[in-house]
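> First the structure, then my questions, so here it is.
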Amino acid sequence: MFVFVALVAAGDYLYYLNRLYPGIYFKDLHLGGSTFQQAEKLLEDAQITFYGPEGKSITFSLSAMGIELDEKEVLETGYWQGRPKSWPWTFKHRLSINKEGLFIPFRYNVNSNLFSHSTDFISSYFSREAENAYFDIDGSQAKLVAEKYGYVYDSREVKQLVLANLARPDLPLEIRVPYAEIISPEITMATYEEKGIEGLMSSYTTKFDPSVVNRVHNLQLASAQLNNYFLAPGEVLSVNRVIGDTVAEKGYKKAPVIVGGKLSEGIGGGICQVSTTLYNTALLANLDIVERHNHHLTVLYIDPGRDATISYPVLDFKFRNNRDHYVLITSQLEKDSLTFRLFGRPLAETVEISSEVLDTFPPPVKYQYAADLNPGEEEIIEGHPGYLADVWKRVYLGDELKSEEKISTDRYSPHPRIIRQGPQE
């Protein structure tokens, strides 16, 4: 019997020589039975998971948050629990630890820089802007997507919350972070319902050269002014009134622009593509055009007769909402295209717009002396022809033509072909 007890005691001694006894906890993390290496890994992996709105979560280890544990002290303290300094070991003490549990005191230091950085990150991770309800477009189909509320989180409150929760016995920790402020969206599904907006009425897209950076910048500024604009029944939209003067003080830049029948550089160059794209969108929605002017020269992004130039405050583009419901205007600028969409009650009819060229005027040739060229050398800058064009609007109900209307006859001057010549040999 004595030999058996001695063998059991020896086996127990050898097994737990480099292990913590069962029942030893750091918070509710059970370290019992673990080797020093295993217990150290458990401490290093101790985590806090934060939960924000709508199931969003993020997890940090204590060390990543700047909450520094002295793992060596924790393990040393845990190791000597149940180990008297003299032989024989008291199994009664170990049985008590195993039954009741022995909890190592939770002591830590805070790395203030790392702690601030991590709580700032958590706050920004859960914070978000409110999102308006919008129509998701798939071809000609429009599906209304619900609005989302925005949330603001305060990193100071997150810090206080973390420090308060460190007193809890749980590890790993789970903390639900309350928001400091909720932000309501400006446009909700109820907004669309109240204004009678049910789906897509029309859309139109024009292309541009993305390498002309200043022009793209101007397109972005101007088109954004018209995005999410609600046009009331009977209201007349004036593009000049909405966009205003395209001056440098508003952020507009120099880009190619047609002035006085000539192509030059000017502040706000390119914004006529905004009014042109919106003009065609309004035509396709069968809305009333109140004011529209064509350019002196043809523009390359649309057929003759389908452009609409603006020049604040003289030349404007205006159209009227002739429906009994609101019309929502949206704009979308992508890598090389600008799209306008009008939303309201989808049309029963189909509108077709066509441009018919009546006459073409070849570009004249102009010669220019060019001192920067070598003797006998020439450089040719291609011109563009001018046109006389009619634009027609045809309205169909199914396959039946319900109406046909000539909406404009426009004349465009040719842009000369320029031959630059160096000095004579």
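Since every read-out is calculated from the coordinates, none of them should be taken as a lab result. Treat the numbers as computed from the prediction; the structure is a model and nothing was measured. Glycine gets a Cβ as well: all are built from the backbone with ideal geometry, and neighbour counts include every protein chain shown.
> Please state the shape class of segment 283-345: rounded when a/c is under 1.5, otherwise prolate if a/b exceeds b/c and oblate if not, all from the C-alpha gyration tensor.
oblate
> Distance between the C-alpha centers of segment 377-410 and segment 207-284? Whole Å please.
21
> Using r as the Cβ-Cβ distance of Glu174 and Ala146, and R0 as 35 Å, what FRET efficiency do you calculate, to the nearest 0.05?
The computed FRET efficiency comes out at 0.75.
> Roughly how big is segment 195-421's charge dipole about its Cα centre, with Cβ charges of +1 (Lys, Arg) and -1 (Asp, Glu), in debye to the nearest 20?
Taking the Cα centre of segment 195-421 as origin, the dipole is about 560 debye.
> Given contacts defined as C-alpha pairs under 8 Å and at least six residues apart, what's the relative contact order of segment 195-421, whole-number percent?
Computed value for segment 195-421: 24 percent relative contact order.
> Step through the table entries Lys143/Lys402; Lys253/Lys406; Lys148/Lys335; Lys143/Lys335; Lys254/Lys406; Lys207/Lys250, compare each Cα-Cα distance with 32 Å, and write down the pairs that go over it.
Lys253/Lys406; Lys254/Lys406
> Quick one: length gained pulling Asp372 to Leu388 fully straight, 0.36 nm per residue minus the C-alpha distance?
Contour length minus Cα-Cα distance gives 2.0 nm.
> Right, here's the next one. So how do Met201, Met65 line up by other beta-carbon neighbours within 10 Å, fewest first?
If I rank by nearby Cβ atoms, fewest first, I get Met65, Met201.
> How much length is gained if the chain between Arg345 and Ile289 is pulled fully straight, taking 0.36 nm per residue apart and subtracting their Cα-Cα distance, in nm to one decimal?
18.3 nm
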